[in-house]
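First the structure, in the form of structure tokens, and then the observations on it.
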Amino acid sequence: MTKVLVATDKPFAKVAVDGIKRIIEEAGFELVLLEKYTEKKQLLDAVKDANAIIIRSDIIDAEVLDAAKELKIVVRAGAGYDNVDLAAATAHNVCVMNTPGQNSNAVAELVLGMLVYLNRNLFNGTSGAELMGKKLGILAYGNVGRNVARIAKGFGMDVYAYDQFVSAANIEKEGVKPVASRDALFETCDIVSLHIPKTPETVKSINAELLAKMPKGGCLINTARQEVIDEESICKFMAERTDFKYATDIKPANDAEMAKFEGRYFATPKKMGAQTAEANINAGLAAANQIVDFIKNGNEKFRVNK
Ligand code: 3PG
């Protein structure tokens, strides 16, 4: 019988797991759950006889793929798939998919929540700032960026975006102001929200030099990936620019050092962007349906290791 493993260090809401189970069992497959595992060995054991795996930010590297002798497909229930070694998957003849757009509203709502919290000085009782009328820059205008724009407009924000892969005309037709370059976005906007994937080009690309282009009182929100930030450089920058604020959904390695910027820095304890029941249901069920459709009909629509 086809075995589908759900391997999630950070588990889905129970309602999503129940939905995944229903889809997998109705297809005549078996569901195996590995949640909150603490050691890689547990994952290596669990993948041995799995034909399909659903993951979140869980690392699927060459060692895991070597251990997964029966594996045909890995679906990353979410958008970013930098946690999967695509070349190794291709070499093992394993199809890798993501579930684009399924958790994007959850991440976008968190962006606005973090923005309010940061601009009200972490609710410390002192006088903060409002979002209405502020210039918000969205770096990468994909599914999350679009949802951030939609919600930010409701706050009365002036919304700008830059995406090297989306034309200015396509940004403009959604009522968002396109800018010509990444640097121009930082020069123009009071607040920048990051939605870039982790790639060789983006790693450590957000640094002091770029942030120095922002107006006084600037603030940066990161719900993308830890690795896109040059952490050491931002720490030095914030020590000099006492007006600058930074909030991140991915705890930096230098979190303890950053904590000295009291009232203008915070990191969520664990990545929270996609942690809603709705996002878990959307992404989890999409992943289960994609697996069934791949195994039964060979549908590779969301394949990312082409
Ligand atoms: C994504 O890439 O979909 C988000 O970063 C969510 O990741 P998570 O499923 O690990 O919370």
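One table, with the values for the structure above:
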quantity	calculated
Accessible area of region 161-256 belonging to carbon and sulfur atoms, whole % at 1.4 Å probe	51
Cα pair distances of region 161-258 binned at 10 Å [whole percent]	15, 49, 29, 7, 0
J(HN,Hα) series, region 55-65, from Karplus relation 6.51 cos²θ - 1.76 cosθ + 1.60, nearest Hz, glycine and proline x	10, 10, 8, 4, 7, 10, 10, 4, 5, 5, 5
For the chain, calculated [θ]222 nm from helices alone, where every DSSP H run of n ≥ 4 adds -39500 (n - 2.57)	-10500 deg cm²/dmol
Selected from S205, S127, S104 as most flexible by GNM, with the chain as the system and alpha-carbon contacts under 10 Å	S127
Vicinal HN-Hα couplings computed from phi for region 21-26 (Karplus, 6.51 cos²θ - 1.76 cosθ + 1.60; Hz; Gly/Pro x)	4, 4, 4, 5, 6, 5
Cα gyration tensor of the chain - equivalent ellipsoid semi-axes, whole Å, descending	37, 20, 18
For the chain, built as a Gaussian network whose Cα springs stay under 10 Å, the top-fluctuating residue of V17, V107, V166	V166
Between region 86-163 and region 168-199, the alpha-carbon center distance in angstrom	12
Of G145, G19, G133, the one that fluctuates the most in a GNM where the chain has Cα springs shorter than 10 Å	G133
For region 191-197, Karplus couplings with θ = phi - 60° (6.51, -1.76, 1.60), whole Hz, Gly/Pro x	10, 10, 10, 8, 9, 7, x
Sequence-separation-based contact order of the chain, relative, with Cα cut under 8 Å and 6+ spacing, percent	19
Average accessible area per residue (Å²) across the chain - probe 1.4 Å, nucleic acids and ligands excluded	45
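The values are calculated or read from the model by the stated rules, or taken from the named source; none is laboratory data. Predicted model only: the values in this text are computed from it and were never measured. Just so you know, the surface numbers come from the protein's heavy atoms only, side chains and all, with ligands and any DNA or RNA stripped out. Shrake-Rupley method; radii C 1.70, N 1.55, O 1.52, S 1.80 Å.
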